[in-house]
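Here's the structure, in structure tokens; my notes come after.
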Ligand code: NAD
Ligand code: UFG
């Protein structure tokens, strides 16, 4: 019998790509999402892209903090594991509204973990972030680096990691994998699903994409005086389809394991790319000129962050396949086919 996976936040950017790969890998998938930062259209498109596997996807519009609704779902369906993406992720907003972040991300996760335990489902893959490395003293970042957080969003990731480690210490039946994502970009090569942030994008590539389709006049480059190859910040960009595959690898490890555990893995490519290099690659892929405005450094930004990929390669047998050329090609394919994302011009800012 196909294994059934609950995916929280499965209508979102990384979630929708992962749900598709899960369906293609013959898992049965239930998505829970409150559509706070997503559109149900993403679910329809994933169903279509999955072809004959599309029938194995069900969607539930539920807020994770709604304990009664979540309990009902767990009572009616037996899940073999949960992949937990649901959460708010805008760093700046988290500084302005910390309680919104603690309430949504921490409370949502605690309710989920309690409900899982009550129903005997003790297998979890969690979306953590390279943000827990802060401004690392050296690169590449290995999983053993000291952890820190510089804003409430980052603290929710760090706290949830610690909560998971504490739960495992208290009950070794749990099998948990915490995945620290570096910078997910790109879209499914079909151009049918991709990132569609609400409001003004915080992250580099969604912003670049909106400049390319004429929704914004220019990209503001936050700092060109870093000690990097061209003065701009360096990050480890990873194709979202590679990232999605990382979750399948994590689930395989969990299902193959004969005992519990709580392990953490970086999901990155191990390569650092500057803002200007990324813009150049996108201009090449799209044929569009991206006007730039040089500005001050963004508070809280690190200079250079990229991943050590060794642990994931060795233990998950997973390695990113795509480079920045493919990331930009697929990002542009999605953007040019869906200049307004899943929405209509009058419903977006
Ligand atoms: P996203 O906003 O596209 O997806 C998150 C989804 O969770 C959305 O569909 C949203 O509607 C849903 N959601 C939020 N709160 C919810 C709640 N209380 N109940 C039910 N659904 C809820 O974001 P994403 O980029 O796909 O990120 C997924 C996860 O990965 C997040 O936890 C994020 O913090 C983490 N992450 C993202 C990045 C990145 O750069 N995109 C990097 C590192 C980690
Ligand atoms: N940048 C600009 N202009 C913009 C946006 C970004 O110059 O309009 C620069 C940043 O200064 C940085 C680089 O582009 O040098 C990447 O910035 P992003 O905002 O795309 O990504 P970050 O590395 O700052 O952070 C992202 C998520 C975090 C997550 C982290 C690691 O926002 O939540 O990746 O996964 F923790």
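What are the semi-axes of the equivalent ellipsoid for segment 143-231, taken as the square roots of 5 times the Cα gyration tensor eigenvalues, largest first, in whole Å? Before the final figure, lay out the partial values.
Numbers: eigenvalues 231, 77, 31 Å².
Its equivalent ellipsoid spans semi-axes of 34, 20, 12 Å.
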Could you state the number of Å between the C-alpha centres of segment 71-137 and segment 1-31? 16 Å
Please state the shape class of segment 41-133: rounded when a/c is under 1.5, otherwise prolate if a/b exceeds b/c and oblate if not, all from the C-alpha gyration tensor. oblate
Gain on full stretching of the segment that runs from residue 310 to residue 227 - 0.36 nm per residue minus C-alpha separation: 27.3 nm
For the residue 66, residue 173 Cβ pair and Förster radius 22 Å, calculated FRET efficiency rounded to 0.05 is 0.25
What are the principal axis extents of the Cα atoms in segment 211-325, in Å, biggest first? 54, 29, 21
If I take R0 = 25 Å and measure r between the Cβ atoms of residue 102 and residue 200 in this structure, what FRET efficiency does the formula 1/(1 + (r/R0)^6) give, to the nearest 0.05? 0.60
Using label points projected 7 Å from each Cα along Cα→Cβ, tell me how many nm separate residue 296 and residue 137, to one decimal. 2.9 nm
Amide N of segment 171-193 lying under 19 Å from the label point, which is placed 7 angstrom from the Cα of residue 24 along Cα→Cβ: 184-193
Highest-fluctuation residue, 223, 261, 287 considered, GNM on the chain with Cα pairs under 10 Å: 287
Quick one: what does P(r) look like for the chain with 20 Å bins over all Cα pairs, in whole %? 31, 61, 8
Between 0 and 90 degrees, rounded to the nearest ten: what's the tilt of helix 152-170 against the longest Cα principal axis of the chain? 30 degrees
Contour minus Cα-Cα distance for residue 162 and residue 280 (0.36 nm per residue): 38.6 nm
Just to confirm the number: angle between the C-alpha axis of helix 240-256 and the first principal axis of the chain, 0 to 90 degrees, nearest 10? 20 degrees
Put a dot 7 Å past each Cα toward the Cβ at residue 255 and residue 75; how far apart are the dots in nm? 2.9 nm
Cα long-axis angle, helix 275-286 against the chain (0 to 90 degrees, to the nearest 10): 90 degrees
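What 222 nm value per residue comes from the helices of the chain, counting each DSSP H run with n ≥ 4 as -39,500 (n - 2.57) and dividing by all residues, nearest 500 deg cm²/dmol?
On the way: 11 runs with 124 residues, N = 349.
Roughly -11000 deg cm²/dmol at 222 nm, from the helical runs in the chain.
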Please give the length that would be gained between residue 340 and residue 95 if that part of the chain were fully extended, namely 0.36 nm times their separation in residues minus their C-alpha to C-alpha distance (nm, one decimal). 85.4 nm
Along Cα→Cβ, 7 Å out, is where each label goes; now give me the distance between the ones at residue 319 and residue 3 in nm to one decimal. 2.4 nm
Gyration tensor (alpha-carbon) shape descriptor, segment 184-259, a/c threshold 1.5: oblate
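Values quoted throughout were computed directly from the atomic coordinates according to the rules given, and no laboratory measurement underlies them. What you see is a predicted model, and the numbers here were worked out from it, not measured in a lab. Ideal geometry is used to build each Cβ from the backbone, glycine not excepted, and the neighbour counts take in all protein chains shown.
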